[in-house]
1. What order do you get for 29, 1 when you list them from fewest to most C-beta neighbours inside 10 Å?
2. Using Stokes-Einstein with the Kirkwood hydrodynamic radius over Cα pairs, what translational diffusion coefficient do you get for the range 97-154 at 37 °C and a viscosity of 0.692 mPa s, in µm²/s rounded to a whole number?
3. Can you give me the relative contact order of the range 197-304 as a percent, contacts being Cα pairs under 8 Å and 6 or more apart?
4. Just flag the GluC sites (Glu not before Pro) in the range 133-213 sitting in loop per DSSP whose Cβ has no more than 12 other Cβ atoms within 10 Å.
5. Where does the chain land at 222 nm, in deg cm²/dmol rounded to the nearest 500, when only DSSP H runs of n ≥ 4 count, each adding -39500 (n - 2.57), divided by all residues?
6. Pull up the DSSP beta bridges for the range 194-304 and report the antiparallel fraction as a percent, rounded to 5.
7. So for the range 6-294, what are the equivalent ellipsoid semi-axes in whole Å, largest first, each being the square root of 5 times an eigenvalue of the Cα gyration tensor?
8. Just rank 36, 107, fewest to most, by other beta-carbon atoms within 10 angstrom.
Amino acid sequence: MKLDGIHHISSITGNAPANLDFYTRVLGMRLVAKTVNQDDPDVYHLFYGDYEGSPGFDMTFFEYPGARRGQAGAGMVYRIAFRVPSANSIDWWENRLRREDVPASVVDGELRFADPEGLELALVVDTTGEEPLHLRHSEIPDEHDLVGFDHVIAYGNRLTGSARVLTEVMGAEPTGERTWRLSGPSRSGWIRFDEPPPGHGLSGAGTVHHVAWATEPEEHDAWIDRLAKGGVSSTPVIDRHYFRSIYFREPGGVLYELATKGPGFTVDDPLDRLGRRLILPPRFEPMREKIAARLTPLPDVARS
């Protein structure tokens, strides 16, 4: 069994309208689903991705209105990197971000910047040869699209345990002293652990909640056994409507999810209607009016 790179990354926002504007207008991602946290239906769960909402591109956010800004520490991912097609794309995005008054700088060949709540982001030139994913945004030329996730950087100080789970249980290959790559049948992604800063991390706006790795649907149930045999405590398989999920913490504290590559976002609406309406899990439908009244009003930014 092989994990097929990064499936999605879920983070926290305290301001859904500003978050929506940044990820859809500035970065050009598509709002592919507007729903609620299944464990707390008073909280938005917004999904951004490529035009089709493909695994390997989805950024998701839980909105806790007015949440204070968090601070990444040990056991937390602090930077997310996307791929772009070329070095010219790095220049193009640097100019676009400058026009949007988003500070950005090229460090070690990657363009680094942050979203409005301080979540660190980066763009790197794609050298994988993997099938690119596409935004289909009117303001972003195809040759400069974001084309999928590349890697995440976390803070961790239990490298022996983290390495064991990544290599012996998850099937990752070490590519450096603190770096591991997970490669599947179609996509790959990697994670690096940096030395944590002093003090404790604080979950809040602008911090990552978890990183999900992609599984083949027919192999998903077998991952429960594989995790157990590897001494990793996990949740049972949970139906998240758009995919099925297993959650566990690696020894350094980072929360991982294993998510199936389907059924995907078109279980609710056809492709050209994604993101247009509030989707509720069936058990919450009788409370739709009450739930909708408590959620932050958002503009319609969906595109066909």
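Nothing in this text is a laboratory measurement; each read-out follows from the coordinates by a stated rule. Everything numeric here is computed off the predicted structure, so don't read it as measured data. Cβ coordinates were reconstructed from backbone atoms using ideal geometry, including for glycine residues, and neighbour counts include every protein chain displayed.
1. 1, 29
2. 253
3. 22
4. Here the sparse-neighbourhood loop sites are 139, 177.
5. Result for the chain: -3500 deg cm²/dmol, rounded to the nearest 500.
6. 60
7. Values: eigenvalues 132, 124, 77 Å².
Equivalent ellipsoid semi-axes, largest first: 26, 25, 20 Å.
8. 107, 36
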